[in-house]
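Structure first, commentary second.
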Amino acid sequence: MTKSHKAGESHPPFAVAVDLVVLTVRLDGCCGLVIERGVAPFEGRLALPGGFVRIDEDLDVAAARELREETGVPIDRMHLEQLASYGTPNRDPRMRVVSVAYLVFAPDLPGHGDTDPIDEMDRRSLAATIPPLLDQFGIERAAFVGASLGGIVSLTLAADRPDLFASITLIDIGHRLEDEGVNRIIDFMTRHESFASPEEAAVEVAEYLPHRRQVNADNLRRNLRERPDGRWEWKHMFARRLRGASAPVGGWRELVAGMGEEAKTLTCPVLVLRGAASDVLSNEGAEEIAALIPDARLATVGSAGHHAAGDNPETTVDLVRGFLAETGW
């Protein structure tokens, strides 16, 4: 028998928070992300990233916002799912708090971030590293979201292992790219051997991406590594390899050779996203790759270039979320 509540009866106030269990792979091991609390209570203590849900927010939206604010990485680059809820009284000295925990899976490709490089860095060798990673975490099937090289690797693996794919989102990548845009990326990544600080790197990124609303130096720390001499270098292995090699115009063709034929064999639904101002993937190139894929749809991210997720994260996330909902993921 349940007890009914009278109209106007008050209830004790409580807050809802989201906490993020962020897992990635570093040096062949599973690692979790923690932050140092900057405010009371427990100032200076290590904690999971997260925060309170705003009055007008859905839980998933709050989790994506906190992830972006505390790690600088938009949700389109990682897997996020609701894990469990916790509500033990007095766990937070400020008030009664119910926390909804989210699992975030954020692996890097070999040679990116702090992940070890491999001898061969072609797209098929990179794709071959993903199935063992999924096995390690017990993931049988996933929705892949790949920007630039990540998109190339996702398509490559999907053609070989369709059983692993629920869907793919390709962000500003296709089988036909534009020489000018690709070589502008190569020029930027190889122009500086290192930087005096993340702030100096932010100035260079702002010059490279003048349309970007803001370049946060703290967010760049995910992409930079501090060396013993105090200088900061890009974590991307490709940048270091390209710096010591010639990169001829059109060299990208070797990387994507055969991708057009592989696109025709894909069996999962695919969303092709193009930054409206991209100089890497033209509108015609985006239409061509979408036409080759049996179950594809094409969308444009406004106010964005090749780095669509960073230029316009809100629209990118909305489009990806809509696609995942459409495909039942």
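The values are calculated or read from the model by the stated rules, or taken from the named source; none is laboratory data. Note that the structure is a prediction, hence the values are computed from the model and not measured. Reconstructed Cβ throughout: ideal geometry from the backbone, glycine too, with neighbour counts over all protein chains shown.
What the table below lists for this structure:
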{"item": "Every residue from the range 272-298 that is part of a strand (DSSP E or B) and either surrounded by fewer than 19 Cβ atoms within 10 Å (Cβ to Cβ) or out of contact with any Lys or Arg (no Cβ under 8 Å at 6 or more places or on another chain) (or both)", "result": "273, 274, 275, 296, 297, 298"}
{"item": "Pairs where the first residue, in the range 1-27, is more than 27 Å from residue 117 (Cα to Cα) and in a loop (DSSP other than H, G, I, E, B) and the second is charged (D, E, K, R) and modelled with pLDDT of 60 or more, C-beta under 8 Å, 6+ apart", "result": "12/96; 13/96; 14/96"}
{"item": "Extreme residue, surrounded by the fewest Cβ atoms within 10 Å (Cβ to Cβ), among residues of the range 136-152 that are farther than 12 Å from residue 169 by Cα and more than 14 Å from the chain's Cα centre (by Cα)", "result": "138"}
{"item": "In the range 107-154, the residues that are closer than 14 Å to residue 79 by Cβ and of a type in the set (A, V, I, L, M)", "result": "130, 133, 134, 139, 142, 143, 145"}
{"item": "From 170, 133, 103, residue being under 18 Å from the mean Cα position of the chain (by Cα), in a strand (DSSP E or B), touching a residue at least 60 places away in the same chain (Cβ under 8 Å) and surrounded by fewer than 18 Cβ atoms within 10 Å (Cβ to Cβ)", "result": "103"}
{"item": "Residues that are among the basic types (Lys, Arg) and either touching a Ser or Thr at 6+ places or on another chain (Cβ under 9 Å) or surrounded by 15 or more Cβ atoms within 10 Å (Cβ to Cβ) (or both), drawn from the range 90-100", "result": "91"}
{"item": "Odd one out for residue 252 among (1) aromatic (Phe, Trp, Tyr); (2) at pLDDT 95 or above; (3) over 21 Å from the mean Cα position of the chain (by Cα)", "result": "(2)"}
{"item": "Matching entry among 265, 315 (being polar (S, T, N, Q) and either in a helix (DSSP H, G or I) or without any contact (Cβ under 8 Å) to a residue 24 or more places away in the chain (or both))", "result": "315"}
{"item": "Matching residues, the range 67-82, being modelled with pLDDT of 80 or more and either assigned by TED's automatic domain parsing to the domain that holds residue 139 or out of contact with any helix residue (DSSP H, G or I) (no Cβ under 9 Å at 6 or more places or on another chain) (or both)", "result": "69, 70, 81"}
